[in-house]
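Taking it in order: structure first as structure tokens, then the write-up.
No value in this document is a laboratory result; all are computed from the given coordinates. Everything numeric in this text was worked out from a predicted model, so none of it was measured. All Cβ positions, even for glycine, are placed from backbone atoms using ideal geometry, and neighbour counts span all protein chains on display.
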Amino acid sequence: MPRSSSTARLVSAACILVFCYAASAAKPFPGPVSDYHGFERHDFEVDGCKALVVSPKTVAPGNPWIWRAEFFDHHPEVDLALVAKGFHLVFIDVGNTFGCPKAMAHWDIFYNQLVNEYGLSKKPVLEGLSRGGLYVYNWAAANPGKVSCVFGDNPVCDFKSWPGGKGKGPGSPEDWKKLIQDYGFASEAEAMAYPKNPLDTLKPLADAKVPLIHICGDADEVVPFDENTVILKDRYEKLGGHMTLIIKKGFKHHPHGMDDPTPVVDFILGNAG
């Protein structure tokens, strides 16, 4: 047998052994177990927040996972398809806090536990549906080396657009008031001048070559398409990043998701490492 072939087999076997050891050494998830669409769901608390993990029946190599921000179980077609393929599905409830710094601090703690104590991959898939876009892009921009890819579903990419309503959408006055409080802004003017909306912090992701995919209704009246995803895509590609966009012609903000999630699932499987 050629030396190179023998070495390759030894390396492959060693990698398999390391993965099996890591999987067996990881702690089991705590909390009561319930059924979630035929899979095991574990509910527990992390840093004072309710959290949950849905476990696949057979874990895929590398322990991949998808991290859902906001609206857990709303149009879960992509989530369920990935769990069926061996991904864990995770969620932490940090309240309706718009991806503010305090929310991101909870995310940091949850990430460290999932990776260091429970053995999940160091690079999750981030999923932001609607206002969940603020969470996933804020965390990804601060942690570009810890993200495999980002999936957005009609995501908010600029809080001035929603909930601020400073463009063509109506916004949400009560949510806008709460966002100003959650971020600790002294005034609306300070919020308007904030330089760290997702649209403003794309360079770290582009430099890390994090692929993005959005599905969007081009008639979205709540989170206007051209104020959010269109600008994000243009800026990301100018920075050298790669983004895939699936447009739902004539669709508004609702309904979310896709009848056939295969294009998104295939994108994630091809980029989750």
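Note the full-extension length gain between D43 and D234 as 0.36 nm times their separation in residues minus their Cα-Cα distance, in nm to one decimal.
Length gained between D43 and D234: 64.8 nm.
Longest segment of the chain with no GluC sites (Glu not before Pro) in a DSSP loop having at most 16 other Cβ atoms within 10 Å? Segment 1-116 is the longest. If you take all C-alpha pairs in the chain, what percent of them are over 24 Å apart? Of the Cα pairs, 50 percent sit more than 24 Å apart.
Largest mean-square fluctuation among V83, V46, V150, in a Gaussian network model of the chain whose springs join Cα atoms under 10 Å apart, belongs to V46.
For I213, I109, the sequence from fewest to most other C-beta atoms within 10 Å is I109, I213. Backbone N atoms of segment 97-133 closer than 15 Å to the 7 Å Cα→Cβ label point of Y194 belong to residues 97-105, 131-133. Ellipticity at 222 nm from helices only: DSSP H runs of n ≥ 4 in the chain, each -39500 (n - 2.57), divided by the residue count, give -11000 deg cm²/dmol. Amide H contacts of A26: none lie under 5 Å away among residues 5 or more positions distant or on a separate chain (H built 1.01 Å from N in the peptide plane; Pro and chain starts excluded). Strictly over 23 Å apart at the Cα level, which of K177/K238; K177/K203; K168/K249 would you flag in this model? Table pairs above 23 Å Cα-Cα are K177/K238; K177/K203.
With a cut-off of 8 Å between alpha carbons and a minimum separation of six or more residues, what is the relative contact order of the chain in percent? Write down the numbers at each step before the final one.
Values: 499 pairs, mean separation 43.1, N = 273.
Relative contact order comes out at 16 percent.
Modelled this way, with points 7 Å down the Cα-to-C-beta line, the labels at D108 and K209 are 2.8 nm from one another. In this calculation the C-beta distance from K177 to K57 is compared with R0 = 35 Å, giving a FRET efficiency of 0.20.
Where does segment 230-269 land on Rg(C-alpha)/(2.2 N^0.38 Å)? Show your work: numbers first, answer last.
Details: Rg = 12.4 Å, N = 40, 2.2 N^0.38 = 8.9 Å.
With N residues counted in segment 230-269, Rg over 2.2 N^0.38 Å equals 1.38.
Once you sort the root eigenvalues of the Cα gyration tensor of segment 69-150 as a ≥ b ≥ c, which label holds: rounded (a/c under 1.5), prolate (a/b larger than b/c) or oblate (the other case)? Oblate.
Taking the Cα centre of the chain as origin, sum charge times position over the Cβ atoms of Lys and Arg (+1) and Asp and Glu (-1), and report the length of that vector in debye to the nearest 20. Before the final figure, lay out the partial values.
Details: 27 positive and 32 negative charges, 200 e Å.
That gives the chain a dipole magnitude of about 960 debye.
Normalised by the number of residues in segment 46-184, the mean separation of alpha-carbon contacts (under 8 Å, six or more apart) gives a relative contact order of 23 percent.
The phi torsions of segment 198-211, fed into the Karplus equation with coefficients 6.51, -1.76 and 1.60 and a -60° offset, translate into couplings of x, 5, 9, 10, 8, 4, x, 6, 5, 5, 7, 6, 7, x Hz, rounded to whole numbers, with Gly and Pro shown as x.
Shown is the FRET efficiency for T244 and T201, computed with R0 = 22 Å from the Cβ-Cβ distance and rounded to the nearest 0.05: 0.65. Once you reduce segment 87-162 and segment 211-273 to the center of their Cα atoms, the two points are 17 Å from each other.
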